[in-house]
Amino acid sequence: MGRKNNYEPETKKIVTVSNYSAIAEIYPHIMRSIDYEKWADYIYQISKEVKKKNISVLELAGGTGHIASNLSARIKRIITSDLSFSMLSRQKDSQLLKICCDMKSLPFKKKFNFIFSTFDSVNYIIKKENIIKLLDGVSNCLTDNGIYAFDVSLEKNSLKYEKYLNRRGKVNGVVFQQRSFFDKRTRIHYNHFELTLANGKKVEEIHKQKIYLFEDYFNFIDNSDFYVHKCYKAFTFENANADTERAQFILKKKSYA
């Protein structure tokens, strides 16, 4: 018998809803410590690797679009996308183009110079074969000289923040409780949210992230059209390693000429 999973709900009377539907109500509050402007600047510095003026940019799993909105002053041709319509609808910037879609099945026929995602969105892809599917889809939407950038959360990050993410509060009439648990055996990090909405309805969202080994990503990328151009410790320009908390990957397409 192993350790009891703390993410399991204490009652079955709660209605389970799709991820980032109810959480969208409180997302700005639980993410209030994030410096979106600083993060967007970091992404902008990475985008300069493209070496092209007036680049076209696609953000995957953009959530409420705060990164894209901060970038839009410097990058005019930018689209943000997310699987959750609830999250996208929270972005009130009427000038920002938003597309609701799954990053594992991109619907775009046009090609972009720079594609990126932030905040360990790739960790939400639990199955290895779907990581390959993501890479193949991005390759189809990226110009030959384009760049794909994404960050991932590694084991050290899960161990560091597992207890910190056990919290509760109330915002906009919504009472919430978050319980965090990292299962070392399955390498799944669970975040279980219970919410009592303003209308009294009780709902839950169970978020699962796969904490792959650092080396796994290089194996995935080796089996794609990409190679690792650079891999940094997130928010820096220092080389990452297996002991890094969060790694920033910068990929370029392989040349078959």
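Around Ile99, which amide H atoms from residues at least 5 apart in sequence, or from another chain, sit under 5 Å from its own amide H, with H modelled in the peptide plane?
Those lying under 5 Å, H to H, from Ile99 are Thr80, Ser81, Asp82.
Just need log10 I(q)/I(0) for segment 132-242 at q = 0.14 Å⁻¹, Debye formula, equal scatterers on the alpha-carbon atoms, no solvent, rounded to two decimals.
-0.77
Could you tell me the relative contact order of the chain? Use alpha-carbon pairs under 8 Å, at least six residues apart, and round to a whole percent.
Relative CO of the chain lands at 19 percent.
Please list, by residue number, every one of the chymotrypsin sites (Phe, Trp or Tyr not before Pro) in segment 129-172 that is coil in DSSP and has at most 13 other beta-carbon atoms within 10 Å.
Passing sites in segment 129-172 are Tyr164.
Given axes a ≥ b ≥ c from the Cα gyration tensor, I'd like to know whether segment 54-166 is rounded (a/c under 1.5), prolate (a/b larger than b/c) or oblate.
In terms of gyration-tensor shape, oblate.
Taking GluC sites (Glu not before Pro) that fall in a DSSP loop and have at most 13 other Cβ atoms within 10 Å as cut points, what is the longest piece of the chain between them?
The segment 11-237 is the longest one with no such site.
Which of the chymotrypsin sites (Phe, Trp or Tyr not before Pro) found in segment 165-257 are in a DSSP loop and have at most 15 neighbouring Cβ atoms, other than their own, within 10 Å?
Taking segment 165-257 and a limit of 15 other Cβ atoms within 10 Å, the loop chymotrypsin sites (Phe, Trp or Tyr not before Pro) found are Phe235, Phe237, Tyr256.
Enumerate the calculated ³J(HN,Hα) couplings along segment 127-133 in order (Karplus 6.51 cos²θ - 1.76 cosθ + 1.60, θ = phi - 60°), each rounded to whole Hz, writing x wherever the residue is Gly or Pro.
8, 4, 5, 7, 5, 4, 4
Can you tell me which of Ala240, Ala198, Ala40 moves the most in a GNM of the chain? Springs connect C-alpha atoms under 10 Å apart.
Highest fluctuation of the listed residues: Ala198.
Checking the a/c ratio against 1.5 first, then a/b against b/c, what shape does the Cα gyration tensor give for segment 64-118?
In terms of gyration-tensor shape, oblate.
Taking θ as phi - 60°, what are the ³J(HN,Hα) couplings along segment 17-32 by the Karplus curve (6.51, -1.76, 1.60), each to the nearest whole Hz, with x for Gly and Pro?
Taking θ as phi minus 60°, the curve returns 10, 5, 4, 6, 9, 6, 4, 4, 5, 10, 4, x, 6, 6, 10, 5 Hz for segment 17-32.
Here, each number is a calculation from the coordinates, and none is a lab measurement. Computed from a prediction, not measured in an experiment: that's the story for all the values here. For neighbour counting, all protein chains shown are included, and Cβ atoms are generated from backbone atoms with ideal geometry for every residue, glycine included.
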